[in-house]
Amino acid sequence: MNGQTRRIDGQAGGRRHFRYLDYVMAAFVAILLLSNIIGASKPSFITLPGGTEWSFGAGVLFFPVSYIIGDVLTEVYGYANARRVIWTGFAALIFMAFMAAVVVALPPASGWPGQEAYEFVFGNSWRIVVASMLAFWAGEFANSFVLAKMKLITGGRFLWMRTIGSTIVGQGLDSLIFYPLAFYGLAGWPPEQLMQVVVSQWLIKTCWEAALTPVTYAVVGFLKRREGVDVYDTDTDFSPFAKNT
């Protein structure tokens, strides 16, 4: 079916075998975990005209790619398959948090000098872990839901509007949930800086989505041609807890 795309309504896409779905899922989970491990808890800044420093979370440079992949998943494979991938990412986050807690808690070998640094980088409190999981869960499902619904409303047109619109909602929820829950009241995170980071995360992620729209178009077009389908969620149960069919 290469080069030909067939419209599929409802959750029929969830019962098919897709050639590239597993690869897309692997990329989604990998970027999700790496962005949470490396960049989530480090604030950085840029200097605005006039010398004012504007703070943002360092992970914002890479984490939005997971939302772009989420858009691709929903647009090409439908909400039911995107839901399966989101839950897979959620399970991976839980295991990552468990593994980090165990490894940090293990006593270091005698003479090893890195325990303090290791605890600082990987020893996130359960407050941060829970905030990250809740923000990811709410943001990704909101992003996928809005994109799928907008696809039905627009009849599959205006992909750029749908990807940016869903990102505004999903990334907004993600930033608004994660940073206040994770860092409010902690030393080094004054309220004004915290709000700067929340707003910065939202704006930068949305701008990233807009800037990478040509890439999204190219990937979506390639996958639709190679898979030979275009899924519309006409009869889909949009509950995050619904059983995929």
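Descriptive notes on the structure:
- Criterion (of a type in the set (Val, Ile, Thr), closer than 24 Å to THR47 by Cα and assigned to a helix (DSSP H, G or I)) met by exactly one of THR206, THR163, THR167: THR206
- Applying the criterion of at least 2 residues that are under 30 Å from LEU21 (Cα atoms) and hydroxyl-bearing (Ser, Thr, Tyr) to the helices (runs of 4 or more DSSP H) found wholly in region 31-134 leaves 64-72, 79-105.
- Index of the failed condition, ASP233 passing every other in (1) within 27 Å of LEU21 (Cα to Cα); (2) modelled with pLDDT under 90: (2)
- A single entry from VAL60, VAL65 fulfils the requirement of being within 17 Å of the chain's Cα centre (by Cα), surrounded by fewer than 22 Cβ atoms within 10 Å (Cβ to Cβ) and of a type in the set (Val, Ile, Thr): VAL65.
- Residue list for region 112-158, restricted to those being of a type in the set (Val, Ile, Thr), free of Cβ contacts under 8 Å to residues at least 24 places away in the same chain and surrounded by 14 or more Cβ atoms within 10 Å (Cβ to Cβ): VAL121
- Some residue of region 17-24 being part of a loop (DSSP other than H, G, I, E, B), modelled with pLDDT under 75 and touching a helix residue (DSSP H, G or I) at 6+ places or on another chain (Cβ under 9 Å): no
- Looking across ALA135, ALA148, ALA105, one residue alone is modelled with pLDDT of 90 or more and over 21 Å from the mean Cα position of the chain (by Cα). It is ALA105.
- Failed condition for SER200, given (1) in a helix (DSSP H, G or I); (2) surrounded by fewer than 21 Cβ atoms within 10 Å (Cβ to Cβ): (2)
- Evaluation of VAL231 against the conditions (1) under 19 Å from LEU159 (Cβ atoms); (2) part of a helix (DSSP H, G or I) shows that the sole unmet condition is (2).
The values are calculated or read from the model by the stated rules, or taken from the named source; none is laboratory data. The model shown is predicted, which means the values in this text are computed figures rather than measured ones. Neighbour counts are summed over all protein chains in view; Cβ atoms, including those assigned to glycine, are modelled from backbone coordinates with ideal geometry.
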